[in-house]
Amino acid sequence: MLGSSNIMAFVATAQPDAARAFYEGILGLRLIEDAPFALVFDAYGTKLRVQKVQTVAPAPYTTLGWVVDDIVATVRELASRGVQFERYEGLEQDDLGIWSSGAGNIAWFKDPDGNTLSVTQS
């Protein structure tokens, strides 16, 4: 039934101005709408709804991720824009913070509210 419907992604923010600057200015997503209850972005054809809330309780896992063609170039570009990549104990990450697994390479970073995001290259 929903297999032929578009999906919409959600994440929350208690700092809408900082979230807008991050998702639009740093990540390069196109803002569709700044409504009273959410910022809505176009994430390459998928709507990302950044809900405006009083407080955010960040999940202890990745909430959003992007598949990229060149993770090294992407990480370097994001780092040049001020994004700091996470380091996790027990994972052998390279100098850029990229972890290589059997399924591909991944690097994690956080948005202004502490939501964990990632970039992956398969």
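Being free of Cβ contacts under 8 Å to residues at least 60 places away in the same chain, among the hydrophobic types (A, V, I, L, M, F, W, C) and part of a loop (DSSP other than H, G, I, E, B) is a property that does not hold for LEU64. Counted as qualifying within region 72-122 are the strands (runs of 3 or more DSSP E) with 2 or more residues that are under 14 Å from the mean Cα position of the chain (by Cα), namely 104-110, 116-121. Beta carbons closer than 6 Å, at least 6 apart along the sequence or on distinct chains, pair a first residue in region 82-99 that is of a type in the set (Phe, Trp, Tyr) with a second that is outside any loop (DSSP other than H, G, I, E, B) and surrounded by 10 or more Cβ atoms within 10 Å (Cβ to Cβ) for PHE85/ALA107; PHE85/PHE109; TRP99/GLN93; TRP99/ILE106. Mind checking which residues of region 5-51 are in contact with a Ser or Thr (Cβ under 7 Å, 6 or more places away or on another chain) and closer than 24 Å to PHE85 by Cβ? ALA9, VAL11, ALA14, ALA19, VAL50 - these are the residues of region 5-51 that are in contact with a Ser or Thr (Cβ under 7 Å, 6 or more places away or on another chain) and closer than 24 Å to PHE85 by Cβ.
Take GLY25 and decide whether it is farther than 23 Å from ILE106 by Cβ, at pLDDT 95 or above and part of a helix (DSSP H, G or I). Yes: the conditions hold for GLY25.
Total residues in region 1-13 satisfying the condition of being touching a strand residue (DSSP E or B) at 6+ places or on another chain (Cβ under 8 Å) and either part of a loop (DSSP other than H, G, I, E, B) or of a type in the set (A, V, I, L, M, F, W, C) (or both): the figure is 7. Picking from residues in region 1-48 that are buried (at least 18 other Cβ atoms within 10 Å of the Cβ) and over 25 Å from GLU77 (Cβ atoms), the one that is nearest to the chain's Cα centre (by Cα) is ALA12.
Just one of the listed residues (PRO58, PRO36) is part of a loop (DSSP other than H, G, I, E, B), of a type outside the set (S, T, N, Q) and modelled with pLDDT under 95, and it is PRO58.
The values are calculated or read from the model by the stated rules, or taken from the named source; none is laboratory data. Predicted model, so just to flag it, every value in this text is computed and none were measured. Glycine gets a Cβ as well: all are built from the backbone with ideal geometry, and neighbour counts include every protein chain shown.
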